[in-house]
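Values in this text are rule-based calculations from the coordinates and carry no lab data. Note that the structure is a prediction, hence the values are computed from the model and not measured. Cβ placement follows ideal geometry from the backbone for every residue including glycine, while neighbour counts extend to all protein chains displayed.
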Amino acid sequence: MSFKHLFARSLAAAPHRLHMAAHSHHLWPDASFDGQQEAWSDAARLADHKWDRIMGEVWPEAQRHIAAELNLPSPDSIVFAPNTHELIVRILSAIGKPKARVLASDGEFHSFRRQSARWTESGAIDLETIATDVPAFADAFIERARSGDHDLIFVSHVMFGSGRIFRRLEDLAALAHPDGPWVVVDGYHAFMAIDVDLGQLANHIFYLAGGYKYAMAGEGVCFLHAPPGYGERPENTGWFAAFDDLALKPGQVGYAKDARRYAGATFDPSGLYRFNAVQAMLKREGLSTSKVNAHVDPLLNSLAAELDETGLGSARLLNAGILQPRARFLALESPRASAWQAALASAEVITDLRGDVLRIGLGLYHDEDDIDRFCEIATRL
């Protein structure tokens, strides 16, 4: 079955392009265009009063979609921001210690890796990292997390470089406490890529993700699930964090009682509109995350099975496996990865490079014809 009709605008915009990076910059479905238009129309129609609709209808609708996807007890535990970096900075500011002790993996996404490196330089944190490229990574990580030596524990649910999945969230949640340590899970490559059930963990862990990738909503619609009672007064704070308490006297710093305590200031709301429009499209089409995976997984399997017959056959496949949960991309490690990406790009095939790892990601807008075309081009590498 093909779902290309849902992406007619994006596919028609570059008809010769073969976009094999749905894990990185997911093509936007036509529904997102409708959401973008709705945002503009509301701004024109409502002007100053658009924020009443945004905060009273659009924001809560997006919260409900995410709460349903993650099986959260309450949508109020969700707060939005333009990017996850902003939320990471806000979480650290809430710890309230002059030098927080942080445990992380060495495979975290750029936002955390760069910021944590700079914090280490400045003395704001004491960072310990665990190597991910070892078979016993999860065991080693849990062992250090149980040491009691850390204020903040940070790990990706699905590793952005290798596509490997961290399967010990319950063990981390058992360690979390409002007085420390706090557990932060980067779920960007898990949200709407694998079925995630935080129902039993929601009161113990922070969970970060966004709409740029598998939620198909583009930039500017990232979110944080913040467990109740954890970090009630972030030092890094914007006026939306007291949106319901603007009557406070000057000098008083109030905070929302729910996850909006982690909110920033004025933002572009169009991402929320796009996100809601895409969610409505998925509902109309009867497409849950598991059903999208039922479409994508056979394509990933077909691609993986054909790799040895292409010029990519010498690469090391970092995330082999055909069972869910799994990443929606193949991670191919090779010293030739950069040359491969450039050669593919010259043939109008878009892939993604992270160091010496070539990543190939698939989505709803792919079918078996795309796999055949990719493999035919890859035989010439």
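Some observations on this one:
- Mean Cα-pair separation over length for segment 32-281, i.e. relative contact order, pairs under 8 Å, 6 or more apart, %: 28 percent
- Note on segment 322-381 and segment 168-224: Cα centroid distance 27 Å, given to the nearest whole angstrom.
- Estimated distance in nm for a label pair at Gln200 and Glu309, the labels positioned 7 Å out from Cα along Cα-to-Cβ: 4.3 nm
- Separation in nanometres of the label points that stand 7 Å from Cα toward Cβ, at Arg146 and Ser334: 4.1 nm
- Estimated at 0.36 nm per residue, the fully extended path between Met55 and Asp268 surpasses their Cα-Cα distance by 75.4 nm.
- Crossing angle, helix 270-285 versus the chain [Cα axis fit, 0-90 degrees, rounded to tens]: 60 degrees
- For the pair Asp106 and Asp179 in one chain, pulling the backbone fully straight at 0.36 nm per residue adds 23.7 nm over the alpha carbon distance.
- Between Gln37 and Phe3, the modelled label-to-label distance comes to 2.2 nm, taking each label 7 Å out from Cα in the direction of the beta carbon.
- Under-5 Å amide H pairs with Arg354, H placed in peptide plane, nonlocal only: Arg359
- Per-residue packing, averaged as other Cβ atoms within 10 Å, sorts the ranges 347-356, 271-280 into the order 271-280, 347-356, beginning with the highest.
- Per residue of the chain, the DSSP helices (runs of n ≥ 4 H) give a summed -39500 (n - 2.57) that works out to -10500 deg cm²/dmol at 222 nm.
- Taking Lys and Arg as +1 and Asp and Glu as -1, the other residues whose beta-carbon sits under 15 Å from that of Glu121 total +3.
- Burial order of peptide ranges 206-214, 180-188, 253-261, 126-134 (average beta-carbon count within 10 Å, highest first): 206-214, 180-188, 253-261, 126-134
- Extension gain, Ala347 to Thr120, is 77.5 nm, computed as 0.36 nm per intervening residue step minus the present C-alpha separation.
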